[in-house]
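> Quick one: this structure, given as structure tokens, is what I'll be asking you about.
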């Protein structure tokens, strides 16, 4: 090559290189319409550092990896002609350049598209971006032949804001200033002042173990030897048969409470059909690209009777990590992770305002029985009335509440009704002692108190029964008897983890009964109804007095035992349509969800929790029943293949606990993080959100039984602990008005600077 030609080419290449480094790609080209952004080239706090120095010869390397060298040929040529190629001491290293990241992102964007998002990006917008970032990672993996450990630990070190990704990264994923206030934000942001997105809505679930994706990026988990895992339906039908006994003490109220607080902390973003806005039909024709259906074998003992070969499951929406980092697929939590009572209030300002009355601090309610001296029901769901409901006709509506899953099953709607009433009862009590408080003050102070009550009931009544005293001591989650808690640690990330969401906190599915009972306020059994017939049909609450009857049923009906057995009402008839005799399989869906989230196997989590790894199936004898181990051996190829949910519910409970060692570990650790990592935790001091010592003592008096007494219509007696069956010695039924169940004394919230308390009625009435 002549010197003149070489110099001309070098000038052209240098110009291209300068453009590649300096261009922030026109915003319209970055996403074919994109996320509104502020300055996009700063480093994201806490996001790690790429392996390159960012200086000198390697300044064009987004990531410099040791090992056999493989550098994107075009980038390498550009670098050499531009005089910035790899120096001799760097030969044998792999340099992933910023330009190659840009190229990979453009290719992914052009293949998948990246629609212009809403002004305030929601989970759908994030899902679109998440899918493009996953495809970008896949493109880089293919081009550079990257191993799984680099996909997991290397790619996230790339500073995305030095690429065109920074132009499409949403503003809320960038650094933000936090204001210290008395009340929480609905979306959970700024709970942690140093890491404002920890636990916030629309952020990715965290992981305790590396994801077990088959390709290291997003392909669902396969067997340890590379073979496909058995169909989750096969595992469900073979291992999780409906032959379990009843529990001896736990009531259905415990199951209902577990679901309520689960809905307070987790809501995995679901993929919807872009046209119908409904779940894609993954068993009919070609299907949605994110479909991941469950195969039903020909010899299935139930579904074969109806010729069914498939259960429709679609993958969760892909998430976007802090700083729009590259790497393996994550999933989105649509609500705040902390235990903040947002199942009552909602996780956005718009939703919260929609269900507020905006008078006297009250929430909306339906006064359908008020003329009969009975308490209000939840307001009607008038916006998108068919979402989450099976309506018999257009004149019948489901209920509206802080969480959209309120109508999923009737007993959940009962708990929502109780706590809406409790909020309004507290707001009216606060008005009596503080008539000068406006609607905003009354509402948020009542919300603040109800969040504290939710935390207290969970740790004082629910967790001691689920985990037992020894496990609670191990994880330091036994509540203080007096004074303040001084364990808040801003270094603890209280975000929900994938293992908890997909598996560990689904232990309650083993407790579900086949029927739901109604009892009279006098503690007499009335009747029962199949659970499958009550899903998405909360209409019995429109019958006067039936809310009380279901409450009494919840505290008198015994739950199923905690074991590997699951009722057919949810393994064969889940969400059964009115014109069909079969539904879906909840146990199978749990396992399929864990696999598509890349959740590691049961054996991996045993090791994580300090338990011995099972090398052969017989190693599980003693941990599980002999027959369960034998059934696992018949369908799984290796103990490493057992799904986390299945193995967790199959363990024998620890002494004094409802669950076995693996789920005790994962649940105990999660609730430790929720206590130690929550700046607004009700026992904390030193923040504007703290309660006074007298107020804290009042909250400590509250029991779920007191909430039932105060918010039912005609219930006069209830056992002291509502999640445990009544026992005349250790858990007696007591009169609501006997003083044994103390009521929250709201005089402790009287503003000493305000006027004297009043007796006149609340302004709404």
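Nothing in this text is a laboratory measurement; each read-out follows from the coordinates by a stated rule. Computed from a predicted model, the values in this text were never measured in an experiment. No Cβ is skipped: glycine too gets one built from the backbone with ideal geometry, and neighbour counts run over all protein chains shown.
> For the range 350-470, what are the per-bin percents of Cα-Cα distances with bins 10 Å wide, up to the bin holding the maximum?
Taking all Cα pairs of the range 350-470, the binned fractions are 12, 36, 33, 16, 3, 0 percent.
> How do 155-163, 278-286, 226-234 rank on mean C-beta neighbours within 10 Å, highest first?
So the peptides 155-163, 278-286, 226-234, ranked by packing, come out 155-163, 226-234, 278-286.
> Points 7 angstrom from Cα along the Cβ direction at residue 692 and residue 393: gap in nanometres?
Result for the modelled spin labels: 5.6 nm.
> What full-extension length gain, to one decimal in nm, is calculated for residue 176 and residue 575 as 0.36 nm per residue of separation minus the Cα-Cα distance?
Gain on stretching residue 176 to residue 575: 139.4 nm.
> If you average the sequence gap of Cα pairs under 8 Å that are 6 or more apart and divide by the length of the range 248-374, what percent do you get for the contact order?
Once normalised by length, the contact order is 25 percent.
> Quick check: pseudo-label points 7 Å beyond the Cα along Cα→Cβ at residue 142 and residue 227, how many nm apart are they?
Between residue 142 and residue 227, the label points sit 3.0 nm apart.
> To the nearest 500 deg cm²/dmol, what mean residue ellipticity at 222 nm is calculated for the chain from DSSP H runs of n ≥ 4 alone, each contributing -39,500 (n - 2.57), summed and divided by the residues?
After summing the helix terms and dividing by the residues of the chain, the value is -10000 deg cm²/dmol.
> Next question, about the same structure. I need the peptides 547-557, 238-248, 452-462, 170-180 ranked by packing, meaning the mean over residues of other C-beta atoms within 10 angstrom, with the highest value on top.
547-557, 452-462, 238-248, 170-180
> Evaluate the Kirkwood expression for the hydrodynamic radius of the range 578-671, namely the inverse of the mean inverse distance over all pairs of different C-alpha atoms, and round to one decimal in Å.
Result for the range 578-671 stands at 14.2 Å.
> What value does the chain have for Rg/Rh, both radii from Cα atoms and Rh as Kirkwood defines it?
1.00
> Next up: Order these by the 10 Å Cβ neighbour count, fewest first: 654, 511.
Sorted ascending by nearby Cβ count, the order is 654, 511.
> Hey, another quick one. In degrees, nearest 10, range 0 to 90: what is the angle between the Cα axis of helix 626-635 and the longest Cα principal axis of the chain?
40 degrees
> Separation of the range 465-479 and the range 272-336 by C-alpha centroid, Å?
When both Cα centres are located, 36 Å separates them.
> Can you tell me the mean projection area, over all orientations, of the convex hull of the range 326-371's alpha carbons? Units nm², please.
One quarter of the hull surface, i.e. the mean projection, equals 5.6 nm².
> Sorting 436, 448, 288, 597 on the 10 Å Cβ count, fewest up front, what's the list?
Neighbour counts put them in this order, fewest first: 436, 288, 448, 597.
> More than 17 angstrom separation, counting every C-alpha pair in the range 355-418; what % is that?
The calculated P(r) of the range 355-418 puts 44 percent of pairs beyond 17 Å.
> Quick check: residue separation of residue 149 and residue 350 times 0.36 nm, minus the Cα distance between them. What number comes out in nm?
68.2 nm
> Does the range 480-606 come out rounded, prolate or oblate, given a ≥ b ≥ c as the square roots of the eigenvalues of its C-alpha gyration tensor, rounded meaning a/c under 1.5 and, failing that, prolate meaning a/b above b/c?
oblate
> Normalising by the residue count of the chain, find the relative contact order in percent from Cα pairs under 8 Å and 6+ residues apart.
The value is 16 percent.
> Here's something else I'd like to know. On C-alpha positions alone, give me the angle between the axis of helix 439-457 and the longest principal axis of the chain, in degrees, nearest 10.
90 degrees
> Given points 7 Å out from each Cα along the Cα-Cβ axis, report the residue 480 to residue 193 separation in nanometres with one decimal.
1.9 nm
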